[in-house]
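The values are calculated or read from the model by the stated rules, or taken from the named source; none is laboratory data. Bear in mind the structure is a predicted one, so any value in this text is a computation, not a measurement. No Cβ is skipped: glycine too gets one built from the backbone with ideal geometry, and neighbour counts run over all protein chains shown. Note: areas computed on protein heavy atoms with side chains; ligands, DNA, RNA excluded. Shrake-Rupley method; radii C 1.70, N 1.55, O 1.52, S 1.80 Å.
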Amino acid sequence: MQQGLDHALEHERLASINETKWTKIQKRVVSTIQLALALEIKHNVLKETTPKAMWEKLENIYVSKSLTNRLCLKMELYQLKMEMGGDLHDHINKFNQLVSQLLNADDKLSNEEQVLLLLASLPRSFKALVQTLLVGKSTLNLDEVIATLRENERMMRTKNVDDEHNAIVVVEFELGKNQSRRHDGPRGRSKSQSRPQRDMSNLKCYYCGENGHVQVRFKKMKDLKK
């Protein structure tokens, strides 16, 4: 911290700092700490008026080294599960937050234990990837595993977009064939005539197998191309 702000966490005012300057420094530090806190955390320290009291309150709540706090954090970490279709980024952030709190509470978590807990917290859709990561390995690095998970997530998102595009192409092709059959013959419409807007609400989507999704996915793909 700059301009003597670090001194605000001391129990007593330094002799080299006068009372007026000391008050200003403390107010500035209190405001700085509050701005850095999430809303749900900030409520716990709103009554504190000095940086020292605020910092100690935060330490008691979130960095307590008591057995009770360590037990609660471990239970939360061991029970952490990512829902099917959940956000991987948010899940990893939550995992890292719990691990950091445990480490700050002087609880020893080896790199291997962290890796295994993270992999165990993933849904069934990650089973193939987890097996690939574990086969033939005697140890894994947490940072490398997280990087692999993120890359896999990016690839899956790209694949889903491509699958949706292919599904729309197939449906459009089928619609074109149906329209051609309908207008073949002497009484067929002239090519110069305007084509009526297609109703795709009852068509089955080749991607998900549900009725009524084609029109929504078609519009989505048009929006992506803009």
Which whole-Hz ³J(HN,Hα) couplings does segment 67-79 yield from phi under the Karplus relation 6.51 cos²θ - 1.76 cosθ + 1.60, θ = phi - 60°, glycine and proline marked x? 4, 5, 5, 5, 5, 5, 5, 5, 4, 5, 5, 5, 8
Taking the full set of protein chains and a 1.4 angstrom probe, give the accessible area of residue 55 in square angstrom, rounded to the nearest 10. 120
Express in nm, to one decimal, how much length is gained between residue 127 and residue 38 on full extension, taking 0.36 nm for each residue of separation and deducting their alpha carbon distance. 28.6 nm
Per the rule of 0.36 nm per residue minus the C-alpha distance, extending residue 106 to residue 52 adds in nm 17.3 nm
Set the Förster distance to 35 Å, then compute FRET efficiency between residue 75 and residue 158 from the Cβ-Cβ distance, nearest 0.05. 0.40
Global form of segment 1-129, assessed from the alpha-carbon gyration tensor, a/c cut-off 1.5: prolate
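Looking at this model, which pairs from 52/81; 47/74; 94/127; 42/65; 57/127 are more than 31 angstrom apart at the alpha-carbon?
52/81; 57/127
Using r as the Cβ-Cβ distance of residue 21 and residue 67, and R0 as 41 Å, what FRET efficiency do you calculate, to the nearest 0.05? Mind dumping the intermediate values first?
Numbers: r = 42 Å, r/R0 = 1.03.
Efficiency at R0 = 41 Å is approximately 0.45.
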